[in-house]
Amino acid sequence: MNQFNHVNASTVAEAASLKAGGNAALMAGGTDLLTTLIDYINPTQPATVVNLKNIPNLDYIKEESGMLKIGALARLTDIADSSVVKDKWAALAEAAGKVATPQIRNMGTIAGNLCQESRCWYYRSANNYFHCLRKGGVICQAVPGNNTYHAILGGSGCFSPFPSDTAIALTALGATVVTNKRSIGIEDFYEVLGNTLGNDELVTEIQVAAPASGTKQVYSRYALRKSFDFPVSCVAIVATMSGSNVSDCKIVLGGCVTRPWRVTGAEDALKGKAVNEANAEAVGTEAVKGALALPYNKWLIQLTKTLVKRAVLSLA
Ligand SMILES: Cc1cc2nc3c(=O)[nH]c(=O)nc-3n(C[C@H](O)[C@H](O)[C@H](O)COP(=O)(O)OP(=O)(O)OC[C@H]3O[C@@H](n4cnc5c(N)ncnc54)[C@H](O)[C@@H]3O)c2cc1C
């Protein structure tokens, strides 16, 4: 790892100004950032690492007038264990509790989880070995290369799989990402090559409105090694029930997508329907309509379809 200046920011404004100065990287838990520095995955290395963890009062988890508010530095462990979150925002608690290992969840923060860098094995290769499209290069090496775990939905040039568990649950819950400059609906927070944060911007809070009463939530994922692996495919469903029928719902895919991927065709296939085998099968089929398989990742289409079908059935 290169040498760098380490600055303990004591306010959000100070951290934003250091970031805006250029050649500085923000660090929360450091579980993602430090591995990118150790492996030299990026073409340039930051001269300064700005530690956010000394900024006071940014690790809260609270409910205010029916709105869940989570400070950027709240740890994944605390979100997974929070009775407030488990009570009304169960999909988020479930997703936070599925991230990595207890040790990583003890260090990792919600903002770090949302802003973590790609886990595409070409992007992530040491010493910037593959200067890919996502880093300003000209091609996505996954297209002619080994794309076993790459995106089947949302690919447009770059087919990097989307790594964050919590972003998928938060998208289904309709969360808002608050920064030092603005509030952004989470569906507008991501783009194919990363997120939409500006040079002088950092995440300060996540807000989620309380779901309507009678809402059911599910977060389900498939990982190769359940103990700590990233999701190869995952789904979050937030459904409002009317008796045994689903009256409204949001269905969002993660893992084998380039960013949180809302499948509105699948949502339409579920709305107004009872939760049963035939309807769940139809929703699963709709969820992967439009999926584009690269030479080695066709298996993810059937896997995702089945994951969605099982998630729908679990609403019963
Ligand atoms: C072995 C392993 C397994 C993993 N498995 C999973 C998994 O299954 N699911 C999953 O979702 N993740 C997984 N991860 C990733 C892990 O969840 C993230 O590393 C962690 O959540 C990042 O949080 P952090 O606070 O440590 O972020 P950091 O490493 O501190 O930062 C990550 C990125 O976010 C930026 N950042 C941090 N805070 C802010 C902020 N407030 N505003 C703007 N930018 C910010 C940093 O600049 C950096 O680019 C895994 C990681 C490892 C090492």
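At a Cα cut-off below 30 Å, give the lysines reachable from LYS19, other chains included and same-chain residues fewer than 8 away excluded.
Cα-Cα hits under 30 Å: LYS53, LYS62, LYS69, LYS135, LYS181.
Could you quote the convex hull projected area for the stretch 109-254, Cα atoms only and averaged over all directions, in nm²?
Over all viewing directions, the stretch 109-254 projects a mean Cα-hull area of 10.6 nm².
Under a cut-off of 27 Å between alpha-carbon atoms, report the lysines in cross-link reach of LYS271, not counting same-chain residues fewer than 8 places apart.
Those lysines meeting the cut-off are LYS86, LYS88, LYS216, LYS250, LYS289, LYS305, LYS309.
Hey, can you find the accessible area per residue of the stretch 240-316 for me, probe 1.4 Å, expressed in square angstrom?
With all protein chains present, the stretch 240-316 gives 44 Å² per residue.
Provide the three semi-axes, in whole Å and in decreasing order, of the ellipsoid equivalent to the chain as defined by the square roots of 5 times the Cα gyration tensor eigenvalues.
32, 25, 15
State whether the stretch 185-316 is rounded, prolate or oblate according to the following rule on the C-alpha gyration tensor (a ≥ b ≥ c being the square roots of its eigenvalues): a/c under 1.5 gives rounded; otherwise a/b larger than b/c gives prolate, and the remaining case gives oblate.
Oblate.
If you line up the long axis of helix 299-313 against the longest principal axis of the chain, both from Cα atoms, how many degrees apart are they, to the nearest 10?
In the chain, helix 299-313 runs at an angle near 60 degrees to the longest axis.
Over its Cα atoms, what ratio of radius of gyration to 2.2 N^0.38 Å does the stretch 133-198 give?
1.28
For the stretch 158-231 and the stretch 34-53, what is the separation of their C-alpha centers, rounded to whole Å?
Answer, in whole Å: 23.
Within the chain, what percent of beta bridges assigned by DSSP are antiparallel, to the nearest 5?
80
Heavy atoms only, probe 1.4 angstrom, no DNA, RNA or ligands counted: give me TYR219, TYR60, TYR296 ranked by accessible area, highest first.
These residues rank, largest area first, as TYR296, TYR60, TYR219.
Roughly how tilted is helix 277-287, in degrees to the nearest 10 and between 0 and 90, from the longest Cα axis of the chain?
Between the helix axis and the principal axis of the chain, the angle is about 40 degrees.
Within 10 Å, count the other beta carbons around each residue, average over each peptide in 81-92, 161-172, and list them highest first.
161-172, 81-92
If I compute solvent accessible area with a 1.4 Å probe over the protein chains, what percent of it on the chain is carbon and sulfur?
Its accessible area is 51 percent carbon and sulfur atoms.
The values are calculated or read from the model by the stated rules, or taken from the named source; none is laboratory data. Small disclaimer: the values here were computed from a predicted structure and weren't measured. As a convention, Cβ positions derive from the backbone with ideal geometry for all residues, glycine included, and neighbour counts pool all protein chains shown. Side chains are part of the model used for accessible areas, which takes the heavy atoms of the whole protein and leaves out ligands, DNA and RNA. Shrake-Rupley method; radii C 1.70, N 1.55, O 1.52, S 1.80 Å.
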